[in-house]
1. By how many degrees, between 0 and 90 and to the nearest 10, does the Cα long axis of helix 118-135 differ from the longest principal axis of the chain?
2. Over the Cα atoms of the stretch 44-86, what Rg and Dmax result, in angstrom?
3. If each residue of separation counts as 0.36 nm, what is the full-extension length gain between Asp102 and Lys70 once their alpha-carbon separation is subtracted?
4. Among residues other than Arg42 whose Cβ falls under 13 Å from its Cβ, what is the net charge (Lys/Arg +1, Asp/Glu -1)?
5. Determine which lysines satisfy two conditions relative to Lys62: a Cα distance under 24 Å, and not lying fewer than 8 residues away in the same chain.
6. Between the stretch 24-75 and the stretch 95-136, how many Å separate their Cα centres?
7. Relative contact order for the chain using alpha-carbon pairs under 8 Å, separation at least 6, rounded to a whole percent?
Amino acid sequence: MKIRIENITNWRNVLLLAGATVFILIGFFEIVPGIEANWNRRILGVGLLLGAWFNLRILYMKHYIGYNGKGMFIRMGRFPGRPIRFKHVQNIRIEKGLLQIDLNGGEQLVVDLDEADPLERKELTQFLENRSLAAA
């Protein structure tokens, strides 16, 4: 299994969301004069589709970690996904194919990584440790 680790603030994502915002604003507020109402609805629809594309690809990918400077969204297999702030992470370990993330307040997040290659597990652990230590 391949675990996709993606910085969600890269230029492609920013461009995608900026384009979606521009299309939505133009379509909703009818900023461009001389365009029929049908075209404004189409422009609005394009903006909504671009925004949906950004969010739906997370659901499409089975093993996904999206991160930015403050936190991450982790989704592994059947696990529905959860946002985690790096400053709340106390400890990270992988034991017997399970990723265990200890959070502040005694909360523990356990994710099954049985299908992942050992190299992928090591890369994931290293990424999480580097990011959580950088936030501390």
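1. Result, in degrees: 80.
2. In Å, with Rg to one decimal and Dmax whole: 12.1, 36.
3. Contour length minus the Cα-Cα distance gives 9.8 nm.
4. -1
5. Within the straight-line cut-off, Lys62 pairs with Lys2, Lys70, Lys96, Lys122.
6. Measuring centre to centre over Cα atoms gives 31 Å.
7. 20 percent
Read-outs throughout are calculated quantities, based only on the coordinates presented, and are distinct from any laboratory measurement. Only a predicted model underlies this, so the values are computations on that prediction, with no experimental measurement involved. Because the Cβ atoms are built from the backbone with ideal geometry, glycine has one as well, and the counts that use them run over all protein chains shown.
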